[in-house]
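To keep things clear, I will list the structure first and then write my remarks on it.
The values are calculated or read from the model by the stated rules, or taken from the named source; none is laboratory data. Keep in mind it's a predicted model, so treat the numbers as computed, not measured. Quick reminder, even Gly has a Cβ in these numbers, built from the backbone with ideal geometry, and neighbours come from all protein chains shown. The accessibility values were calculated without ligands, DNA or RNA, using every heavy atom of the protein model including side chains. Shrake-Rupley method; radii C 1.70, N 1.55, O 1.52, S 1.80 Å.
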Amino acid sequence: MTPPTLASRLPATGSDPLDVVEAFAAWAADGGRPLYRHQDDATMALAAGEHVVLATPTGSGKSLVATAGVALALNRGERAVWTAPIKALVAEKFFDLVTLLGAERVGLATGDAAINTEADVLVCTAEVLANHALATGPASPFGFACLDEFHFYGDADRGWAWQIPLLELT
């Protein structure tokens, strides 16, 4: 039997953020991934509207926390964006989120390809978001951004694409 999608488990848009966190945590646990303490703490911080930098080892569940951030943004009626440094990772995350939220809610933009770019959730390269941030600044419709592979921040050639959204977006 196929487990319920995340979208089917979330409360209605505009619900109390704690209800979203509870539904998300139950969905994760039912899928065999109960939240670790650092995931629960980071998710609660996101629910409180705080900015979060989650620096933990590979395989420790950072993407699960980012998924909670997407769910919380959608609950607030905001768009969310998830960046990755290479097109292959963008495509992988796009398909993951389509499975969790439904194809109508997720878009993709890499510079070479664009699918449903006005969707509630956009998965894109870091450069696409940086260019968006330069063009829109604080008026951006994105209420949540996951800047995956954040260690690129210090890269001499590409770090600007992780730095610009932090400077320009709310």
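Among the residues of the range 100-108, is any farther than 25 Å from P17 by Cβ and either touching an Asp or Glu at 6+ places or on another chain (Cβ under 9 Å) or open to solvent by 50 Å² or more (accessible area, probe 1.4 Å) (or both)? Yes, the range 100-108 contains a residue that is farther than 25 Å from P17 by Cβ and either touching an Asp or Glu at 6+ places or on another chain (Cβ under 9 Å) or open to solvent by 50 Å² or more (accessible area, probe 1.4 Å) (or both). Within the range 76-99, the only residue that satisfies the criterion of being more than 13 Å from the chain's Cα centre (by Cα), closer than 24 Å to G49 by Cβ and either exposed (fewer than 15 other Cβ atoms within 10 Å of the Cβ) or not basic (K, R) (or both) is G77. Checked against (1) part of a helix (DSSP H, G or I); (2) of a type in the set (S, T, Y); (3) open to solvent by 20 Å² or more (accessible area, probe 1.4 Å), T67 passes all but a single condition, namely (3).
For V123, the requirement of being assigned to a strand (DSSP E or B) and in contact (Cβ under 8 Å) with a residue 24 or more places away in the chain is met.
For the range 155-164, check the following and say yes or no: at least one residue is open to solvent by 30 Å² or more (accessible area, probe 1.4 Å), hydrophobic (A, V, I, L, M, F, W, C) and either touching a Ser or Thr at 6+ places or on another chain (Cβ under 8 Å) or touching a residue at least 24 places away in the same chain (Cβ under 8 Å) (or both). Within the range 155-164, one or more residues are open to solvent by 30 Å² or more (accessible area, probe 1.4 Å), hydrophobic (A, V, I, L, M, F, W, C) and either touching a Ser or Thr at 6+ places or on another chain (Cβ under 8 Å) or touching a residue at least 24 places away in the same chain (Cβ under 8 Å) (or both).
Kindly provide the set of residues from the range 52-64 that are under 13 Å from the mean Cα position of the chain (by Cα) and either of a type in the set (K, R) or open to solvent by 40 Å² or more (accessible area, probe 1.4 Å) (or both), ordered by number. V52, V53, L54, K62, S63 - these are the residues of the range 52-64 that are under 13 Å from the mean Cα position of the chain (by Cα) and either of a type in the set (K, R) or open to solvent by 40 Å² or more (accessible area, probe 1.4 Å) (or both). Total residues in the range 70-83 satisfying the condition of being small (G, A, S) and in a helix (DSSP H, G or I): the figure is 2.
The set of residues in the range 79-106 being out of contact with any Phe, Trp or Tyr (no Cβ under 8 Å at 6 or more places or on another chain) and without any contact (Cβ under 8 Å) to a residue 60 or more places away in the chain consists of I86, K87, A88, V90, A91, E92, F94, F95, D96, V98, A103, E104. State all residues of the range 5-26 that are at pLDDT below 95, over 11 Å from A71 (Cβ atoms) and touching a helix residue (DSSP H, G or I) at 6+ places or on another chain (Cβ under 7 Å); if no residue qualifies, say none. The answer is T5, and nothing else.
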